[in-house]
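The values are calculated or read from the model by the stated rules, or taken from the named source; none is laboratory data. None of these values were measured; they are calculated from a predicted model. Methodologically, a virtual Cβ is constructed for each residue, glycine included, from the backbone with ideal geometry; neighbour enumeration extends over all protein chains shown. With ligands, DNA and RNA removed, areas are computed over all heavy atoms of the protein, side chains included. Shrake-Rupley method; radii C 1.70, N 1.55, O 1.52, S 1.80 Å.
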Amino acid sequence: MKKVLIIGATSAIASACARLWAGEHCEFFLVARSEEKLELTAADLQARGAGRIHRYLMDAMAFDEHPRMLGHCLDALGQIDIALIAHGTLPDQPQCEREVAVAIEQFNNNATSVIALGTLLANHFERQRCGTLAVISSVAGDRGRGSNYLYGAAKAAVTTFCDGLQARLFKVGVHVVTIKPGFVDTPMTQGLPLPGPLVASPARVAQRIVQGISSRATTLYAPGFWALIMWVIRAIPQPLFKRLKL
Ligand SMILES: NC(=O)c1ccc[n+]([C@@H]2O[C@H](COP(=O)([O-])OP(=O)(O)OC[C@H]3O[C@@H](n4cnc5c(N)ncnc54)[C@H](OP(=O)(O)O)[C@@H]3O)[C@@H](O)[C@H]2O)c1
């Protein structure tokens, strides 16, 4: 029975992954900042066949709390087979342009807190010498776009951080996977004018993530067609790219 730590466990994408793992009777250590949502998520997983479920309330921006959370997690699970870092927020780009404090807070939530948690978990996995660290980044990190470059910059930092972790932890048998979803129909994107045919369900994305973790993928576009889209986006010369309304 696999032991799974999920940070940002109430996220729609993370809970869809957890549902698949619940079907394998995995044991969970779920970390989230909303008690109400955490209880609902845990009850849903229990009903779907999960093994023991441990709950931990934590805001990922509470950096001092991270080591205590990991200590509780290891006390509860003994070892971690899969750690999924999933929390994130979609910033209001125009507000980030007007207010430096908001830009920095959003960058910290989407990048700095992930790097802090990833650093702690990497050190744990290095000692454990097995397991998977899965981190949700985004296709937005592949290229800065005028309409959401604060979020893109944070995700680019996460992606580059994970690239480095992969190189470091591969040598001790630890698997690191960078997950790059495209548009997913979750509370994060609710109300946004997204191009319908490109929007995937959390269940579809979760299927790809869970399979990618099993097959030890290193970079996982979800759905897979985003690899091609982003290849084209990255190939557009910057003098042309900066003129596009993207
Ligand atoms: N949806 C997309 O189109 C898309 C595309 C690419 C990447 N992603 C990434 O996928 C991941 C999951 O997002 P989602 O689409 O599943 O959206 P979601 O359902 O809105 O989930 C985001 C989760 O992050 C949690 N969270 C945010 N800041 C937190 C903090 N400081 N401490 C603890 N929890 C925090 C939220 O908790 P509360 O509910 O309590 O606020 C929520 O559970 C994110 O990293 C996101 O950037 C999403």
Checklist entry - How much of the accessible area of the range 1-155, in percent, comes from carbon and sulfur atoms when a 1.4 Å probe is used? => result 52
Item to check | Stretch gain in nm, segment ALA203-GLN190, where the contour uses 0.36 nm per residue and the Cα spacing is subtracted | outcome: 3.1 nm
Next on the checklist: For a protection proxy built on the mean count of beta-carbon atoms within 10 angstrom, sort 85-92, 177-184 highest first, please.
Outcome noted: 177-184, 85-92
Checklist entry - Once phi is turned into θ = phi - 60°, what whole-Hz ³J(HN,Hα) does the Karplus curve with 6.51, -1.76 and 1.60 give for every residue of the range 153-162, x standing for Gly and Pro? => result 5, 5, 6, 4, 4, 5, 4, 5, 4, 5
Item to check | Two-site label geometry, ARG243 and ASP59: point separation in nm, points 7 Å out along Cα→Cβ | outcome: 4.6
Checklist entry - Taking a 32 Å limit on the Cα-Cα distance, which of the listed pairs LYS3/LYS155; LYS2/LYS37; LYS37/LYS171; LYS37/LYS180; LYS3/LYS171 fall beyond it? => result LYS37/LYS171
Checklist entry - Would you list THR132, THR160 from the most to the least accessible area, probe 1.4 Å? => result THR160, THR132
Checklist outcome for this item: So, over other residues within a Cβ distance under 13 Å of VAL135, counting Lys, Arg +1 and Asp, Glu -1, the net charge is +1
Item to check | Efficiency of FRET between ALA43 and GLN79 - r from beta-carbon atoms, R0 30 angstrom, step 0.05 | outcome: 0.70
Next on the checklist: What are the ³J(HN,Hα) couplings of the range 82-95, residue after residue, when phi is run through the Karplus curve with 6.51, -1.76, 1.60 and θ = phi - 60°? Round to Hz, x for glycine and proline.
Outcome noted: 9, 10, 10, 9, 10, 5, x, 9, 9, x, 7, 4, x, 5
Next on the checklist: Can you list residues from other chains, or at least 5 along the same chain, whose modelled amide H is less than 5 Å from the amide H of ARG55?
Outcome noted: LEU30
Checklist entry - Which value at 222 nm does the chain reach when only helices count, each DSSP H run of 4 or more adding -39,500 (n - 2.57), with the total divided by all residues and rounded to the nearest 500 deg cm²/dmol? => result -14500 deg cm²/dmol
Checklist entry - Given ALA206, HIS54, PHE28, which one lies farthest toward the positive end of the charge dipole of the range 3-241, if we put +1 on the Cβ of every Lys and Arg and -1 on the Cβ of every Asp and Glu? => result ALA206
Next on the checklist: How much length would be gained if the chain were fully extended between ARG98 and ALA167, taking 0.36 nm per residue of separation minus their Cα-Cα distance, in nm to one decimal?
Outcome noted: 21.1 nm
Checklist outcome for this item: Averaged per residue, the 1.4 Å probe accessible area of the chain, protein heavy atoms only, in Å², is roughly 47
Checklist outcome for this item: For GLU65, GLU35, GLU24, the accessible-area ranking with a 1.4 Å probe, largest leading, is GLU35, GLU24, GLU65
Next on the checklist: How much of the pair distance distribution for the range 3-241 lies past 28 Å, counting alpha-carbon pairs only, in percent?
Outcome noted: 27
